Amino acid sequence: MRTPKHTTTRTQPIQAFHVMLKPRGPVCNLECAYCFYLPKEAMYPQASFRMSDELLESFTHQYIQDQQAPEITFAWQGGEPTLMGLEFYRKAMEYQRKYHQAGQKINNSLQTNATLLDDEWCQFFRQNNFLLGVSLDGPKELHDAYRLDKGGQPTFERVMRGINLLQKHRVEFNILACVNNRTAQYPLDVYHFLRDDVGTAFIQFIPIVEKKFDPVQPFSYRSVTGSAYGQYLNAIFDEWVRNDVGKIFIQIFDVALASWAGLRPGLCVHEATCGQALAMEHNGDLYACDHYVDSSHYLGSMNDHSLVELINLPQQRQFGREKKSRLPRQCRKCRVRFACNGGCPKDRLLTTQDGEPGFNVLCEGYLAFFTHIDRPMRRMAELLQANRAPAEIMNLQHQPKGLCAGEKPRRIRYKKRQDEVSHV
């Protein structure tokens, strides 16, 4: 492998950007039925799927120096990133310390299925302040429906063992729960299990939309429908807003509150534009997005170009703008556009009522959810505006019941620091 290029003529640093690192590429010890990344292995026949130390150091150096941001996050993903081995991450910490700049905070996050964790891994995560995202879809029967290993065996018990180790070593973690055609039928069972049995305070609900090249049915049976996703979120929100505000932090609820408070959502799915969250494969190949690792969205290799040069390419900026410019007219006129922004472009597989392409599979769910939460979101935004805790909504005499008849969802327009609403 060629040594990654260090350019002497620097392009101007970028305010902030994010790269998902795939040090083992799509290689994984599990074979989850709906995983969109496992097939990427075919893109690199006969590859070792191991990031070299030279590439790791080059990326670390450039990733730190090319951002003008007070905080930088290294996001390790896969496949299964722990398959890279612990020594690789120890070396990553050495490089981060070597190139750390004064006044900059460096964070590390790692997404894992948790099945390979042991005490040594957890001690390392604790010592280096890693934030872990653990994939767990719900109770055993729901999780094991689609999350199997290479031999077709269930994985729930191994995941729970890994979570118990993280808790033993006091490692901070979020739960990443996929919402598919099965889990969508049991929203409160999933929520209560994660809250009460797992004991997590941070949850991300990730809708599964598996694309098929079929104009009649463009997504698989495992996918969650828009209506089911909306009902799922509404059921959990009603439980959360009455009992758990300020105790349980659910990503899409936090994102929604930011929108109602007149702030940027802070999550690419619901930002007006995208293009600032890229993916880098094990060999230095950079792609426009984690969901667009394909030849059409290939930007180039860090073996031939600097990181900032690739991120600044016109096609990447165009990719980011197209999320907004290709939004169908039906979406542009929608009353919840300020919170939704059309969702992720990867899910825009349908046509609108007028036959316009680019309509999101989850639209019905987003519309139902953002409409349903309007009144309580307005109240929580008003509490924030008054420098009061959004959790006070639970003490109000009249509990929220959704949108008043004839009212139109709207955000509260005032300015407040983003970090004050990152966790409500």
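Among Thr60, Thr73, which is the only one that is in a strand (DSSP E or B) and hydroxyl-bearing (Ser, Thr, Tyr)?
Thr73
Using beta carbons and a limit of 6 Å, which pairs, at least six apart or on different chains, have the first residue in the range 348-371 and on the phi > 0 side of the Ramachandran plot and the second one among the basic types (Lys, Arg) and open to solvent by 10 Å² or more (accessible area, probe 1.4 Å)?
The qualifying pairs are Gly358/Arg326; Gly358/Arg348.
Check off (1) touching a Phe, Trp or Tyr at 6+ places or on another chain (Cβ under 6 Å); (2) in a helix (DSSP H, G or I) for Ala177 and give me the number that stays unchecked.
(2)
Within the range 209-216, does at least one residue satisfy the condition of being acidic (Asp, Glu) and in contact with a Ser or Thr (Cβ under 7 Å, 6 or more places away or on another chain)?
From the range 209-216, those acidic (Asp, Glu) are 210, 214; that's our starting set.
This time we only want the ones that are in contact with a Ser or Thr (Cβ under 7 Å, 6 or more places away or on another chain), so: 210.
The answer is yes, given that some residue of the range 209-216 is acidic (Asp, Glu) and in contact with a Ser or Thr (Cβ under 7 Å, 6 or more places away or on another chain).
Which pairs have Cβ atoms under 6 Å, sit 6 or more apart or on different chains, and link a residue in the range 146-172 that is free of Cβ contacts under 8 Å to residues at least 40 places away in the same chain to one that is open to solvent by 30 Å² or more (accessible area, probe 1.4 Å)?
Close Cβ pairs (under 6 Å, with a partner that is open to solvent by 30 Å² or more (accessible area, probe 1.4 Å)) amount to Phe156/Lys140.
Based on what the data block shows, is Ala339 touching a Leu at 6+ places or on another chain (Cβ under 9 Å) and either open to solvent by less than 30 Å² (accessible area, probe 1.4 Å) or at pLDDT 95 or above (or both)?
For Ala339, the condition - touching a Leu at 6+ places or on another chain (Cβ under 9 Å) and either open to solvent by less than 30 Å² (accessible area, probe 1.4 Å) or at pLDDT 95 or above (or both) - is not met.
Can you name every residue in the range 1-47 that is at pLDDT 95 or above, open to solvent by 20 Å² or more (accessible area, probe 1.4 Å) and hydroxyl-bearing (Ser, Thr, Tyr)?
Tyr44, the sole residue that qualifies.
In the range 321-336, what count of residues is obtained for those that are buried (at least 20 other Cβ atoms within 10 Å of the Cβ) and not basic (Lys, Arg)?
Here the count works out to 5.
Quick one: which residue in Asn360, Asn312 is of a type in the set (S, T, N, Q) and crowded, with 22+ Cβ neighbours inside 10 Å?
Asn360 is the lone residue from the list that is of a type in the set (S, T, N, Q) and crowded, with 22+ Cβ neighbours inside 10 Å.
Going by the structure shown, is Leu131 out of contact with any helix residue (DSSP H, G or I) (no Cβ under 8 Å at 6 or more places or on another chain), among the hydrophobic types (A, V, I, L, M, F, W, C), open to solvent by 20 Å² or more (accessible area, probe 1.4 Å) and over 19 Å from Arg170 (Cβ atoms)?
Here the answer is no, as Leu131 does not meet what is asked.
Please verify whether Gly103 is crowded, with 21+ Cβ neighbours inside 10 Å and either of a type in the set (Asp, Glu) or at positive phi (or both), treating the condition exactly as stated.
Judged against the criteria, Gly103 is not a match.
Consider the range 134-151. How many of its residues are open to solvent by less than 50 Å² (accessible area, probe 1.4 Å) and over 18 Å from Val27 (Cβ atoms)?
Adding up the residues that qualify gives 10.
Which of the residues belonging to the range 62-85 are open to solvent by 20 Å² or more (accessible area, probe 1.4 Å) and either out of contact with any Leu (no Cβ under 9 Å at 6 or more places or on another chain) or within 15 Å of Leu117 (Cβ to Cβ) (or both)?
Gln65, Gln68, Pro70, Glu71, Leu83, Gly85
Among what's in the range 236-253 and is in a helix (DSSP H, G or I) and open to solvent by 30 Å² or more (accessible area, probe 1.4 Å), pick the residue that is farthest from Leu188 (Cα to Cα).
Once the filter is applied, the top-ranked residue is Gln251.
Of the numbered conditions (1) among the polar types (S, T, N, Q); (2) modelled with pLDDT under 95; (3) assigned to a helix (DSSP H, G or I), Gln353 satisfies every one except a single condition; which is it?
It is condition (3) that Gln353 fails.
Can you give me the number of residues within the range 77-122 that are under 19 Å from Val171 (Cβ atoms) and either modelled with pLDDT under 95 or in a strand (DSSP E or B) (or both)?
Residues in the range 77-122 being under 19 Å from Val171 (Cβ atoms) and either modelled with pLDDT under 95 or in a strand (DSSP E or B) (or both): 8 in total.
When you check Tyr298 against the structure, is it closer than 20 Å to Pro207 by Cα and among the hydroxyl-bearing types (Ser, Thr, Tyr), yes or no?
No.
Report, by residue number, each residue of the range 257-288 that is out of contact with any Cys (no Cβ under 7 Å at 6 or more places or on another chain), hydrophobic (A, V, I, L, M, F, W, C) and outside any helix (DSSP H, G or I). Can you show your working first?
First, pick out the residues of the range 257-288 that are out of contact with any Cys (no Cβ under 7 Å at 6 or more places or on another chain): 257-267, 271-273, 275-276, 280-288.
Applying the additional criterion that residues be hydrophobic (A, V, I, L, M, F, W, C) yields 257-258, 260-261, 263, 267, 272, 280, 286, 288.
Within the range 257-288, Ala261, Leu263, Leu267, Ala272, Met280, Leu286, Ala288 meet the criteria.
Pick from the range 193-233 the residues that are in a strand (DSSP E or B) and at pLDDT below 95: which of them is least open to solvent (accessible area, probe 1.4 Å)?
Phe219
Residue-by-condition table, conditions (1) without any contact (Cβ under 8 Å) to a residue 60 or more places away in the chain; (2) surrounded by 19 or more Cβ atoms within 10 Å (Cβ to Cβ):
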{"residue": "Ala261", "(1), (2)": "no, yes"}
{"residue": "Val269", "(1), (2)": "no, yes"}
{"residue": "Gly275", "(1), (2)": "yes, yes"}
{"residue": "Leu278", "(1), (2)": "no, yes"}
{"residue": "Tyr287", "(1), (2)": "yes, yes"}
{"residue": "Tyr298", "(1), (2)": "yes, no"}
{"residue": "Ser301", "(1), (2)": "yes, no"}
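The values are calculated or read from the model by the stated rules, or taken from the named source; none is laboratory data. Remember, it's a predicted structure, so these values are computed and weren't measured experimentally. Cβ: placed from backbone, ideal geometry, glycine included. Neighbour counts: every protein chain shown. For accessibility, only protein heavy atoms count, side chains too; no ligands or nucleic acids. Shrake-Rupley method; radii C 1.70, N 1.55, O 1.52, S 1.80 Å.
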